[in-house]
Every structure is written in C-alpha cells, then in structure tokens.
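Novice: One structure, pasted below without further comment.
The values are calculated or read from the model by the stated rules, or taken from the named source; none is laboratory data. All values derive from a computational prediction rather than experimental measurement. Reconstructed Cβ throughout: ideal geometry from the backbone, glycine too, with neighbour counts over all protein chains shown. Ligands, DNA and RNA are stripped out before the accessible areas are found, and what is left, the full protein with its side chains, is counted by its heavy atoms. Shrake-Rupley method; radii C 1.70, N 1.55, O 1.52, S 1.80 Å.
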Amino acid sequence: MSAAAFGVIGLGTMGRNLALNIESRGYPVAAWNRESDWTTAFIDEHKGRAFTGTFTLEEFVTALDRPARILMMVPAGKPVDEMIDRLLPLLQPADVLIDGGNSWFEDTRRREQALRGAGIHFVGCGVSGGERGAREGPSMMPGGSAEAWALLREVFEAIAARTEAGPCVTHVGPDGAGHFVKMVHNGIEYADMQLIAESWDLMRRCLGLSAPDTAAVFERWNQGPLASFLVELTAHVCRVTDPETGTPLVDVILDKAGQKGTGRWTAQVALDLGVSHPTIAAAIDARVLSSMKDERVLASGVLDGPDPLIERNPDIGGSRDRDTVLASLHDALYASRICAYAQGMALIRAASIQYRWGVRLAEIARIWKGGCIIRARLLDPVRDAFDRAPELTNLLLDPAIAAEIHSARAGWRSAAALAVAAGVPAPAHATALAYFDSYRSARLPQNLTQAQRDAFGAHKYERIDRPGERHTDW
C-alpha cells in the first residue's frame, strides 16, 4: 500500500468534502469511517483518485506518511476523546492530530496539553464555509504549536479559500486559540444573521414589501459597503419559490430558529471574561424566543401593539417615504454590523491576553475575508484598523471606523425609532445602538447602581474625587 500524505477520519458532509479538497490539491488521502460501508461507498464513488480506503484504525495509521497528519471530523465532546484514546497507541512522537469540529476551546486546551506530554501535536482547527467551503476552500483557524503549524501549513494553505490578501488560513495561536476564534466567528455570525433578519422584517411589516421585493433591496445593498456572503445569500433565499404553493419558500418556513451551541458558548465566555457583547447575546435570545412558537401565538391574541404598516398608521411618525426608510435600514445594518464585529474582536483580544495566545486581530480579519460564512467587505476596514494599531482595545476607537459609524448614525437612529414606534422587535439593532451610545458615554448611571449596592449590601463604592473603596451608612 502506497503511503498517503494526509488522513481523514469521518466521512460525513464536512469530512468527505475536505478529503476531496485535499486530494484535489495533489495530496493522497487515507480515509476511515466508523461505518465501513461509508468508506467503501466513498472509495467506489471516486475510483481512480488518490484515496486509500481503510477499515481498521491500525490499517489507517499504517497507510500514512510519518509524521502522520490526521484530521478528525467527528462530533464534538466525548466522541473526540474516545477517538483520541483509540488512536494514541498507534501514534508516534511528532505525529499531528487535528480536531476539525466545533469543540469547546477548553477541551482543546486540555487535549493539547495531555498529548504534548506524549510528543504528539494536537491542533484544534476551526473550519468555516459549510459543505461548499470544505470542498472548494474554507476559512481555517488552526491553533496548536508552531511545530504543528510548520507540518500543516503547506496543505492548509493549498486547500483554504484565497483572496487578494492570500490564503484564508493562519496559525491563530497556541492550544485552544483556533477553536476559540471559530467560536467567536460563530457568535458574530449569529449577530449578523439576526441583524439581517430584523432589517428584512422591518421591510416586510413597515413597508409591506414582498419577499421578492426584499431580494431586490438586498441585491442592491450587496453592491456597496454591505457586500457579504450573508447579504448575497439572503437575496437568493428571498427569490426561491415553493413548488407546492407557488409562494416564496421563505414565507412557508416555520419561524423557529435552531442553534448548535457555539453561540451560547460565546455568550458564556464573554461573561466570564467581562466583555460586553449585547448584540451577540440579543441574537441568541432571539433564537430562544423564536423557539417559543406556541407561547407567542397565544400571546399575540392577548397582548396588543400598533399597526406596523407605515401607510396605514400615521402615529408611527418619521419619514413615510419608502426610499428614505430603506436608506435608514441600510445605514442601521452597516453600523450594527460594525458593532457586532467590535464585540467579537474585543472578546478575542481579551481571551488572547488571558491565555497568552498572541492572536493577531488583523490576521483574523484577513482569513475571514474568504471561505467563511461572515466574509464581508467590512473586513477590509476592520483589518486596516488592526494593522494600524495591533493593540487597539476596541474597533470603534479606530478613526476610520468611527467616521463610518458617524456617517450612518442618523439613519441608524431613525431605523431604531421606527422599530420601536411600529412595535416590530429589533433587539440586535437596539442593543448595537445602545452599545455604541454606552461606549461613547464618559459617564453612565452605574454610580446610582453602586450607591444602591452599598445601601442594601454594604458592597462599597469608589469616589470620583479620591482613591479607595468606601462604605456609607445610608
């Protein structure tokens, strides 16, 4: 049996497409799957290609060049630990074991430390781009040691998406850095999807636009600063017709959104690290509320609200001109998206400091420009901001980004006011605007909060005119 340059464990959607991508770049691949019939079917389907199907893990590892490079595409959690336990007796020092799933970064840190003692390189690698990205070029976020990156770099740069800025992969940092950055990527993804959905809902309910009408709006927006995969995808989705009813397919889809946990992890870690992330949290809450379908239907018959359609309700106020409203929604989406990226980047920065990862935020913006779900034109100014000031504490402090926000703020506030007056929920937009207004405020009302805390619980407070903590007998 000729040696394979790379091994892939797990031939599900992502695993098989990554295997096809690797082989297409000139690297023979050994494949193993728990269900042997999947391996047989995969090899039969791709006869004549440089694939080696294996049916035991011993056979699989033997088929690989050394040091072995093995990509595990198995479900996160216990299955990863079980696979490591099965592989460990077969591995040699300097072999590289890669977890390409969405694993909890603390699990990755634990695994990397344990395998390091055996001389095995363990890499937690975030992979974004879905099925198509895996096949044609994903954005990849590998962590682990510099030695592991040296062994993986050639292959990963070959299979990653490419933009004018280079391959969409970089060595993110040690141990769990790669999986942490992928987790935050997914948190930003939640926020961006929610912001787009809220903008769409305001178009539908306040302006009375049909789904195809909104598609035309998103197509136009995708030609400017809002250009992104998700805006482009939204335009496409809103044009698809349901073959059974002849109506827009989006209109017959139940309004209950699912989630797989990475968004929740992002919120949990942000709280642990003390990083404000209201727009990401609002997007998670919106999915939770959407799952309460039966309760919402019941509440809709009990709790009243205004008629949101502008042409029927003069009490909403503001502009009733369609183009003006759409311009406000455009600016709101752009400004809110900036805030979502600011929150995500601030979270990565805080974790990088906490765990001493040395993550380069400009590089993260660069590798997100292609292949991944949140690829967007906005990532160019984001990257420029962190190139100019690598230690920038918050994206909003960059002068060019601040100028972009300032040019959009009138429309942003108008869109937020419309949502409130019309009774159309827009929590992600609202929290993004509140984040901006809070961050730019030199003084916030938490002096009252501290007074309350001291009054009921003797928690103490600091004065503005002298150092030290104090307590008052209120």
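Novice: Going Cα to Cα from Lys293, which lysines come in below 29 Å? Please leave out same-chain ones fewer than 8 positions away.
Specialist: Qualifying lysines at Cα under 29 Å: Lys256, Lys260.
Novice: Sticking with this structure for a sec: Over region 158-267, one equal point on each Cα, no solvent: what is log10 I(q)/I(0) by the Debye formula at q = 0.20, 0.21, 0.22 Å⁻¹?
Specialist: Ignoring solvent entirely, the Cα scatterers give -1.15, -1.20, -1.24.
Novice: Per 0.36 nm of contour for each residue apart, how much would the distance between Glu311 and Thr393 grow if the chain were fully extended, relative to their Cα-Cα spacing? Intermediate values should be presented prior to the final figure.
Specialist: On the way: separation 82, 0.36 × 82 = 29.52 nm, distance 4.44 nm.
Contour length minus Cα-Cα distance gives 25.1 nm.
Novice: Give the residue list of GluC sites (Glu not before Pro) in region 166-262 that are DSSP loop and have at most 13 other beta-carbon atoms within 10 angstrom. Please list the in-between numbers first.
Specialist: Numbers: sites: Glu189, Glu198, Glu219, Glu232, Glu244; in loops: Glu244.
Answer in residue order: Glu244.
Novice: Now, a different point. Considering the zone a paramagnetic label at Ser438 would reach in this model (a point 7 Å from Cα along the Cα-to-Cβ line), which residues of region 281-311 have amide N under 17 Å from it?
Specialist: Zone members listed by number: 281-286.
Novice: Rolling a 1.4 angstrom probe over the protein heavy atoms, how many square angstrom per residue are accessible across region 114-183? Spell out each step's value before the answer.
Specialist: Values: 2280 Å² over 70 residues.
Heavy-atom SASA per residue in region 114-183 reads 33 Å².
Novice: So what is the 222 nm mean residue ellipticity for the chain from helices alone, if each DSSP H run of at least 4 adds -39500 (n - 2.57) and you divide by all residues, rounding to the nearest 500 deg cm²/dmol? Can you show the working numbers first?
Specialist: Working: 19 runs with 256 residues, N = 474.
Calculated mean residue ellipticity at 222 nm is -17500 deg cm²/dmol.
Novice: Could you work out the Rg to Rh ratio of region 366-447, with Rh taken as the Kirkwood radius (inverse of the mean 1/r over all Cα pairs)?
Specialist: Numbers: Rg = 15.3 Å, Rh = 14.8 Å.
Looking at region 366-447, the ratio lands at 1.03.
Novice: Where in region 92-129 does the amide nitrogen come within less than 20 Å of the point 7 Å from the Cα of Thr56, taken along Cα to Cβ?
Specialist: Of the residues in region 92-129, 92 have backbone N under 20 Å from the label point off Thr56.
Novice: In square nanometres, what is one fourth of the surface area of the convex hull spanned by the alpha carbons of the chain? Mind showing how you got there, number by number?
Specialist: Working: hull surface 112.0 nm².
Here the figure is 28.0 nm², rounded to one decimal.
Novice: Still on this model: Name the helices (complete DSSP H segments) of the chain with a Cα length along the long axis of 27 Å or more and a Kyte-Doolittle mean of at least -0.5, or state none. Write out the running numbers ahead of the final one.
Specialist: Details: long enough: 177-207 (44 Å, 0.04); 322-355 (49 Å, 0.40); 399-422 (34 Å, 0.69).
Long hydrophobic helices here: 177-207, 322-355, 399-422.
Novice: While we're on this one: Does anything in region 339-381 have its amide N under 14 Å from the 7 Å Cα→Cβ label point of Ala146, and if so which residues?
Specialist: 357-359
Novice: In what sequence, highest mean first, do 158-168, 137-147, 289-299, 46-56 appear when ranked by Cβ atoms within 10 angstrom? Provide the component values of the computation, followed by the final result.
Specialist: Values: 158-168: 18.6, 137-147: 24.4, 289-299: 12.1, 46-56: 15.5.
The most tightly packed comes first, giving 137-147, 158-168, 46-56, 289-299.
Novice: Follow-up question, since we're still on this one. Once you charge only the Cβ atoms, +1 for Lys and Arg and -1 for Asp and Glu, what is the size of the charge dipole of region 418-472 about its Cα centre, to the nearest 20 debye? It would help to have the intermediate numbers written out before the result.
Specialist: Details: 7 positive and 5 negative charges, 26 e Å.
Result for region 418-472 is approximately 120 debye, rounded to the nearest 20.
Novice: Follow-up. Leaving out ligands and nucleic acids, note down the accessible area per residue over region 203-280 with a 1.4 angstrom probe, in whole Å². Please report the intermediate quantities before stating the final value.
Specialist: Values: 3970 Å² over 78 residues.
With the other protein chains kept in place, region 203-280 gives 51 Å² per residue.
Novice: Same structure again: For Cα pairs less than 8 Å apart in space and 6+ apart in sequence, what is the mean separation divided by the residue count of region 250-373, i.e. the relative contact order in percent?
Specialist: Numbers: 54 pairs, mean separation 35.1, N = 124.
So the answer I get is 28 percent.
Novice: Considering only the other residues whose Cβ falls under 11 Å of the Cβ of Asp437, what net charge follows from Lys and Arg at +1 and Asp and Glu at -1?
Specialist: On the way: positive: Arg409, Arg413, Arg440; negative: none.
Every neighbour counted, the sum reads +3.
Novice: How many angstrom separate the Cα center of region 55-88 from the Cα center of region 215-267?
Specialist: Rounded to whole Å, the Cα centres lie 37 Å apart.
Novice: Using r as the Cβ-Cβ distance of Lys256 and Ala417, and R0 as 35 Å, what FRET efficiency do you calculate, to the nearest 0.05?
Specialist: Values: r = 29 Å, r/R0 = 0.82.
Once the sixth-power term is evaluated, E becomes 0.75.
Novice: In nm, what is the difference between 0.36 nm times the number of residues separating Gln450 and Ala41 and their Cα-Cα distance? Show your work: numbers first, answer last.
Specialist: Values: separation 409, 0.36 × 409 = 147.24 nm, distance 6.50 nm.
Here the segment from Gln450 to Ala41 would lengthen by 140.7 nm.
Novice: Return the carbon/sulfur percentage of the accessible area of region 1-154, one whole number, probe 1.4 Å, all protein chains in place. Intermediate values should be presented prior to the final figure.
Specialist: Details: 3220 of 6470 Å².
After summing per-atom areas, the C and S share lands at 50 percent.
Novice: Hey, another quick one. Measure off 7 Å from each Cα along the Cα-to-Cβ vector at Val302 and Glu131, then give the distance between these two points in nanometres to one decimal.
Specialist: 4.2
Novice: Same structure again: Which whole-number percent gives the relative contact order of the chain, counting Cα pairs below 8 Å spaced six or more residues apart?
Specialist: It rounds to 13 percent for the chain.
Novice: Separate question: Which value, to two decimals, describes the C-alpha radius of gyration of region 317-405 once divided by 2.2 N^0.38 Å?
Specialist: Numbers: Rg = 15.3 Å, N = 89, 2.2 N^0.38 = 12.1 Å.
Region 317-405 yields a ratio of 1.26.
Novice: Could you give the length gained by full extension between Arg116 and Ala227, i.e. 0.36 nm per residue of separation minus their alpha carbon distance, to one decimal place? Let's see the in-between values first.
Specialist: Working: separation 111, 0.36 × 111 = 39.96 nm, distance 4.25 nm.
My answer for the length gained is 35.7 nm.
Novice: Suppose we look only past 19 Å in the calculated P(r) of region 275-343. What percent of the Cα-Cα pairs does that tail hold?
Specialist: Numbers: 1418 of 2346 pairs.
Value for region 275-343 (Cα pairs over 19 Å): 60 percent.
Novice: In whole Å, how far is the Cα centre of region 287-318 from that of region 147-193?
Specialist: With region 287-318 and region 147-193 each reduced to a Cα centre, they are spaced 41 Å.
Novice: What percent does the relative contact order of region 65-130 come to when contacts are Cα pairs within less than 8 Å and at least six residues apart?
Specialist: 36
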